[in-house]
Amino acid sequence: MSRLDRWFEGMTRQTARRVSRRNWLSRFGGVLVGGAALPLLPVARAAEKHTLGEDGVKGREGDPTRCEYWRHCAIDGFLCSCCGGSHTACPPGTAMSPVTWIGTCRNPADGKDYIISYNDCCGKTFCGRCMCNRNEGERPLYHWYRNNDINWCGGAATQTYSCSTAVVVKVAKEAQPEK
Amino acid sequence: MSRLLALTGFLLLAQPASAESYEEHDYLLNCSGCHRMDGTGSKTVPSLLAMRELSAKPGARQYWVQVPGAAQAPLSDARLAGLMNWLVARFAGKPPEPAYTAEEVGQLRGSPLRDPVARRNEIRRAASR
């Protein structure tokens, strides 16, 4: 133990002799402030647009934790990717409802329309984070066939709604005609 | 090079499958949300596999188009006729004979059922053709 102590003491004394405290403080401060300011630069903001996200889509439309994610075009609910799950899996403690709202969304990366299944996760109280209410292609309640204001947990073991996923089923033949 | 080709092949295969036909597309978009991908339904939604036990009964052919899910689907008569031909072949065991036409489907949609469940029981009780 004493050998370790001696080694550390030697190291610290040597550093103290070589590096001035003010020099170190000013450099460390520079790193802190500079690091925080980096994302404010236009370069960083431009780079964000070009980072490849999920499904080969760039920017916010490729980020499953954002409402702008391309698969969320007809969603109405809390995003499971913000609630301890992901855009394809339920958070722990909840189960995926077998009945689901289905629509089509266009993937900006390949320009194709995909059939998306918005399976709800049920079993815990509503998540409350990342509310996303885009509802593209939805119609008022009198078109019950194209209205998603239904509790889709009706088909699950428990009817408590927690959050929604966005699962790709297949490539669609055409966009949903109501859009 | 061969490794790269194999990887390319794998990535191509890993792409989501495309709906094979407009019938399958229409089924996925308009039916599968409640009846599920395999037609088994749920506690509250009837299973399409039960179409098999009605298939030989008189009135079943008309009933299948008149049920709310089919009659009120946001599809044209021609698309619904195509979907029904596909759906009956898949779930009732054999394709409808003769095949549904847009005219027939349009006519049947015009006379909706007041009580679909009662009508189903009526058909089920009837003698087979």
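Things to note:
- Other residues lying with their Cβ under 11 Å from the Cβ of A:C163 contribute a combined charge of +1, Lys and Arg counting +1, Asp and Glu -1.
- Virtual spin-label span in nm between A:L40 and B:R52, 7 Å along Cα→Cβ: 6.9 nm
- Here the gap between A:F8 and A:E136, fully extended at 0.36 nm per residue and compared with their Cα-Cα distance, gives a gain of 39.7 nm.
- Total lysine pairs whose alpha carbons fall under 19 Å of each other in the protein assembly as shown (8 or more apart, or interchain): 7
- Within the stretch A:61-104, backbone nitrogen closer than 13 Å to the virtual label 7 Å beyond the Cα of A:T51 toward Cβ: A:61-66
- Here the simple spin-label model places points 7 Å from the Cα toward Cβ, and for B:S76 and B:D38 these points are separated by 3.5 nm.
- Of all beta bridges that DSSP places with both ends in the protein assembly as shown, some 90 percent have antiparallel geometry.
- DSSP beta bridge pairing in the stretch A:64-171, given as percent antiparallel to the nearest 5: 95 percent
- Selection among B:L54, B:G110, B:V65 by position relative to the dipole of the stretch B:51-125 gives B:L54 as farthest towards the positive end (Cβ unit charges, Cα centre).
- Span from the the stretch B:20-96 Cα centroid across to the the stretch A:136-154 one, whole angstrom: 20 Å
- Candidates A:A74, A:A16, A:A37: whichever shows maximal mean-square fluctuation once chain A is modelled as a Gaussian network with Cα springs under 10 Å: A:A16
- Here the gap between A:T160 and A:K112, fully extended at 0.36 nm per residue and compared with their Cα-Cα distance, gives a gain of 13.9 nm.
- Each helix, a run of at least 4 DSSP H residues, gives -39500 (n - 2.57); summed and divided by the residues of chain B, these come to -15000 deg cm²/dmol at 222 nm.
- Based on C-alpha pairs under 8 angstrom that are at least 6 apart in sequence, chain B has a relative contact order of 26 percent.
Bear in mind these aren't lab numbers, they're just calculated from the coordinates by the rules spelled out. The model shown is predicted, which means the values in this text are computed figures rather than measured ones. Here the Cβ is made from the backbone with ideal geometry for all residues, glycine too, and neighbour counts use every protein chain on show.
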